[in-house]
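Student: Mind looking over this structure? Questions follow.
The values are calculated or read from the model by the stated rules, or taken from the named source; none is laboratory data. No experiment lies behind these values; they were computed from the predicted model shown. Positions of Cβ are generated from backbone atoms using ideal geometry, with glycine treated the same way; all protein chains shown enter the neighbour counts. Each accessible area value is taken on the protein alone, full model and side chains, heavy atoms only, with ligands, DNA and RNA left out. Shrake-Rupley method; radii C 1.70, N 1.55, O 1.52, S 1.80 Å.
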Amino acid sequence: MTVVLYRVDERLIHGQVVLGWGRELRADRYVVVDDALADSEWEQELYRLSVADEHDVVFATLAAARAALPTWQVDGGRTVVLTRDVTTMADLAEGVATDGAEVNLGGIHHRPGRREVRPYLFLDDEDRDAVRRLVDAGTRVTGRDLPAATRVGLDQLLA
Amino acid sequence: MSSAPKGSGAAPETPLPPGVLRAVQLRGMFVQASWNYRTMQGNGMAWAMLPVLRRASEERRAAALDRHAEHFNGHPYFDSVALGALSRLEVDEADPETIRRFRAAIRGPLGALGDRVVWATAVPSFALLAAVLYWMGVPGAVVAFVFLVAYNALHLAIRAQGFALGWEAGTAVGPRLRGLDLTGRAERFAALTLALVGVVSGVLLAGGRGVGALEWPWFVAALGAFFVGYVGGVRLWRPTAIVTVGAVAILLALGSASLLSG
Amino acid sequence: MTELLGLALLGAWVTLDGVTVGQFMVSRPLVASGLAGLWLGDPATGFLVGAVLELFLLVAVPSGAGRFPEPGPAAVVGAAGAVWAAGPAGLALGVAAALLLGYAGALSQAAQRHLNVRWVPDPAVQPVTEAAIVRGHWSSLGVDAIRGFVLTALGLAAVRMAAPWASGAWPLDAAATRGLLLVGAFVSLGVLGRSLAARHLWVYLAVGAVVGLGLGAVWG
């Protein structure tokens, strides 16, 4: 049917994503876009643990995800697409994103050079550049950890 | 990266004094003691791992302290799995990059497991069971005692068996945890938890300690309130608390006013 | 004074239990309020307030970045308010004070988590030493205990002062008071039901309700 959520989250699949968003959006497929992870079976086994058996988990390289995204946007599944960082999400979205799709920044943690936007969200210049690329690609970028939380708008993300 | 996981099955080369692992396991009780918005449970994990990290070789120790103090956020009970596995990897002197990647990969799943099994299932189920007993007239002290004993039997079993499982399996803990099907079991248990919501509601509606002893309009109001909550979902929780507090405040103000005028 | 000190220490303990140390669920309202009631010599009132609060807080679990009230210290203060104001006024004052203090607890907890950043070492900033880990650990734990103590003490002072006024001014009788608070609690039960009710499970809810109505009618 559709991609119900594009989310940037360093922890990828975890409780907030599966219980907080997945239940609310009735998601049945989780796609993790990460080149290193697509190649590491024991790590995939770990990430798969967060998701109930009847739901699909796909680990894709960036290239594979770009090729498959148009299918996910129209086939029968309700898909959540996850990346570890904003840059990967921008690389994924450019040229293939649906206009007006919302990209959710849900968990980027502190490291030197990153500024706090929310306790769950720290951004540096590279991240902000990627946010601009996402906006140029036609998506709506907001910060939000859980569905019930208030959206953090572009002005605050880029401030 | 996809090479065979290290520390799976074989006994460690250097025998550990028996107290070391037990110390790490007990320190797991404090894994959230220094919860903060930067590294979250990171420092708690490092503090719990100290008995193992102190025994690391000179050249490994400094980097080991760093990697175990990095960001971590799992679940306080299920973190025991990570503590067991990370202890195993450090004792076996596994590749530092493997340890970091393992640590980054295990936090989310443990958080998800904990959310489902503990916060979304075990806590409400035991609390509902306690509520059924209380509103049926069992003395509060008995109810609280039974609740604490039953709940913590499960709680401590998760900590102990989680640690043992992690120590045994190392990085291969994924398939082992999947084999236990905890998520599926929690999911199936949700039906029972929901039935308990029904039982508590029924006991409150019909019982003499709840709405059952009151005039019929209270029965209708309570039933209506349940449906409002059921349809509205979690967004209604905070407004309900505010309205309840507000109602008490307004009634107290009205009471004061009538005292003054009377 | 001993009475207040004991309650504030209990508040500190259940604050630690909530997140920082162990999570044995002593901080659940039924247990924490009950313990406070026992300490004040009126366990029945303590457990009643705790049981009502428990219904309200069934959905309040510390998962993720929780936005629910912090139950422990609130439950202690709620029980004390109920005992001091006594009767229906006490029940109303206790539950309302606990719900309010629960939010104060959650806010102060969030503030403390920002504060902890100051003394907890971050390897992303500079290399971590064993001493820094230990210092960060005990500083945070100590501050949390103090936070719980102060929060409980402030709440106790407030309900202590409000109790005589509340017991004079509260206009409802025991039955109406209980009805009012339970109607609020029923919204919370509905919310919990909704969160569990994925995939046509409402049949279980209905069966449970029938069983509950029977149990309540026969033994309740």
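Student: Towards the positive end of the charge dipole of the protein assembly as shown, with charges on Cβ (+1 Lys, Arg; -1 Asp, Glu), say which of B:G19, C:L16, C:G179 has the farthest Cα.
Tutor: The one lying farthest along the dipole's positive direction is C:G179.
Student: If the only charges are +1 at each Lys and Arg Cβ and -1 at each Asp and Glu Cβ, what is the size of the charge dipole of chain A around the Cα centre, to the nearest 20 debye?
Tutor: Dipole magnitude for chain A comes out near 580 debye.
Student: Okay, helix-only estimate at 222 nm for chain A: each DSSP H run of n ≥ 4 adds -39500 (n - 2.57), divide by all residues, round to 500 deg cm²/dmol; what do you get?
Tutor: -8000 deg cm²/dmol
Student: As an exercise, use a Förster radius of 35 Å and the Cβ-Cβ distance of A:E41 and A:D129 to find the FRET efficiency, rounded to the nearest 0.05.
Tutor: After rounding to 0.05, the efficiency reads 0.60.
Student: Using a 1.4 angstrom probe and counting only protein chains, how large is the accessible area of C:S195 in Å², to 10?
Tutor: C:S195 exposes around 50 Å² with every protein chain in place.
Student: Kindly identify the range B:186-258 as rounded, prolate or oblate by the Cα gyration tensor criterion: order the square roots of the eigenvalues as a ≥ b ≥ c, call it rounded if a/c is under 1.5, otherwise compare a/b with b/c, prolate if a/b is larger, else oblate. Working shown, then result.
Tutor: On the way: a/c = 2.95, a/b = 1.58, b/c = 1.87.
Taking the square roots of the gyration eigenvalues as a ≥ b ≥ c, the range B:186-258 is oblate.
Student: Please report, as a whole percent, how much of the solvent-accessible surface of the protein assembly as shown comes from carbon and sulfur atoms (probe radius 1.4 Å).
Tutor: 64 percent
Student: Another one. So how far, in whole Å, is the C-alpha centre of the range A:82-100 from the one of the range A:103-131?
Tutor: Cα centres, the range A:82-100 to the range A:103-131: 16 Å.
Student: According to the square roots a ≥ b ≥ c of the eigenvalues of the Cα gyration tensor, what is the shape class of chain A, taking rounded for a/c under 1.5, prolate for a/b larger than b/c otherwise, and oblate for the remainder? Write out the running numbers ahead of the final one.
Tutor: Values: a/c = 1.42, a/b = 1.31, b/c = 1.08.
Rounded shape, in that the Cα axes give a/c under 1.5.
Student: Follow-up question, since we're still on this one. Given springs between every Cα pair under 10 Å in a Gaussian network model of chain B, which of B:G44, B:G202, B:G74 has the largest fluctuation?
Tutor: Of the options given, B:G202 has the highest mean-square fluctuation.
Student: Further, regarding this structure: Please report, in debye to the nearest 20, how large the charge dipole of the range B:18-180 is about its Cα centre when each Lys and Arg carries +1 at its beta carbon and each Asp and Glu carries -1 there.
Tutor: The dipole magnitude comes to about 120 debye.
Student: Under the Kirkwood approximation for Rh and a Cα-based Rg, what ratio Rg/Rh is obtained for the range C:91-220?
Tutor: 1.17
Student: Can you run phi through the Karplus equation (6.51, -1.76, 1.60; θ = phi - 60°) for the range B:54-59 and list ³J(HN,Hα) in whole Hz, with x for Gly and Pro?
Tutor: In residue order, the calculated couplings are 4, 8, 5, 5, 3, 6 Hz.
Student: Then there is this: If amide H atoms are built 1.01 Å from N in the plane of the peptide, which residues on other chains or at least 5 residues away come under 5 Å of the amide H of B:E70?
Tutor: none
Student: Go through the range A:23-30 residue by residue and turn each phi into a ³J(HN,Hα) via Karplus (6.51, -1.76, 1.60, θ = phi - 60°); whole Hz please, and just put x for glycine and proline.
Tutor: Along the range A:23-30, the couplings run 5, 4, 9, 6, 6, 10, 9, 10 Hz.
Student: Show that you can apply the helix-only estimate: for chain B, add -39,500 (n - 2.57) for every DSSP H stretch of four or more residues, divide by all residues, and state [θ] at 222 nm to the nearest 500.
Tutor: Result for chain B: -23500 deg cm²/dmol, rounded to the nearest 500.
Student: Please list 3J(HN,Hα) in residue order for the range C:71-79, calculated via the Karplus relation 6.51 cos²θ - 1.76 cosθ + 1.60 where θ = phi - 60°; whole Hz, with x for glycine and proline.
Tutor: Working through the residues one at a time gives x, x, x, 4, 5, 5, 5, x, 5 Hz.
Student: Could you estimate the translational diffusion coefficient of the protein assembly as shown from the Stokes-Einstein equation, with Rh from the Kirkwood formula over C-alpha pairs, at 20 °C and 1.002 mPa s, in whole µm²/s? Don't jump to the answer; show the numbers that get you there.
Tutor: Values: Rh = 25.7 Å.
Translational D for this selection: 84 µm²/s.
Student: Tell me whether the range A:55-100 comes out rounded, prolate or oblate; compute the Cα gyration tensor, take square roots of the eigenvalues as a ≥ b ≥ c, and use a/c under 1.5 as the rounded threshold. Present the calculation step by step, with values, prior to reporting the outcome.
Tutor: On the way: a/c = 1.65, a/b = 1.21, b/c = 1.36.
Oblate shape, in that a/c is at least 1.5 and b/c is the bigger or equal ratio.
Student: Also: Treating the angle as unsigned and between 0 and 90°, give the value, to the nearest 10°, between the Cα long axis of helix C:130-169 and the longest Cα principal axis of chain C.
Tutor: So the inclination is approximately 30 degrees.
Student: May I ask for the Kirkwood hydrodynamic radius of the range B:107-230, worked out over all distinct Cα pairs and given in angstroms to one decimal?
Tutor: After inverting the mean inverse Cα-Cα distance, the result is 16.7 Å.
Student: I've got another one for you. Check which residues have an amide H placed less than 5 Å from A:V141's amide H, if you skip close sequence neighbours.
Tutor: Here the answer is A:V103, since their amide H atoms fall under 5 Å of that of A:V141.
Student: If the only charges are +1 at each Lys and Arg Cβ and -1 at each Asp and Glu Cβ, what is the size of the charge dipole of the protein assembly as shown around the Cα centre, to the nearest 20 debye?
Tutor: Roughly 1120 debye for the protein assembly as shown.
Student: Could I ask something else about it? Looking only at other chains, what is the average number of their beta-carbon atoms within 10 angstrom of each beta-carbon in B:213-223?
Tutor: Average neighbour count from other chains, rounded to a whole number: 4.
Student: Rank these residues by their accessible area, most exposed first, probe 1.4 Å: A:D53, C:D17, A:D91. All intermediate terms of the calculation are to be shown ahead of the outcome.
Tutor: Values: A:D53 105, C:D17 5, A:D91 50 Å².
Greatest to least solvent exposure: A:D53, A:D91, C:D17.
Student: Right, another one. Starting from the Cα of B:A141, step 7 Å along the direction of its Cβ; do the same at A:D155; then give the gap between the two resulting points in nm.
Tutor: Each label point is offset 7 Å from its Cα along the Cβ direction, giving 6.0 nm.
Student: Taking only Cα atoms, what is the 0 to 90° angle, nearest 10, from helix B:79-91's long axis to the longest principal axis of chain B?
Tutor: Orientation of helix B:79-91: about 10 degrees from the principal axis.
Student: Between A:L25 and A:E116, 0.36 nm times their residue separation minus their Cα-Cα distance comes to what?
Tutor: 30.0 nm
Student: How many angstrom separate the Cα center of the range C:147-173 from the Cα center of the range A:15-45?
Tutor: What the calculation gives is 48 Å, centre to centre.
Student: Please report the orientation-averaged projected area of the range C:2-171, defined via the convex hull of its C-alpha atoms, in nm².
Tutor: On the way: hull surface 40.7 nm².
Here the figure is 10.2 nm², rounded to one decimal.
Student: Any chance you could give the angle, 0 to 90 degrees and rounded to 10, that helix B:237-261 forms with the longest Cα principal axis of chain B?
Tutor: Taking Cα atoms only, the helix is inclined about 40 degrees.
Student: Okay, which of the range B:147-189 sit inside 16 Å, backbone N to the point 7 Å along the Cα-Cβ direction of B:R60?
Tutor: Within reach of a label on B:R60: B:167-168, B:170-171.
Student: Same structure again: For C:W39, what accessible area in Å² do you get when you roll a 1.4 Å probe over the heavy atoms of the protein chains, rounding to the nearest 10?
Tutor: 130 Å²
Student: Rounded to the nearest 100 Å², what is the sum over both chains of accessible area buried where B meets C, with a probe of 1.4 Å?
Tutor: 8300 Å²
Student: Taking a probe of 1.4 Å, how large is the accessible area per residue of the protein assembly as shown, in Å²? Working shown, then result.
Tutor: Values: 24390 Å² over 641 residues.
That works out to 38 Å² for each residue.
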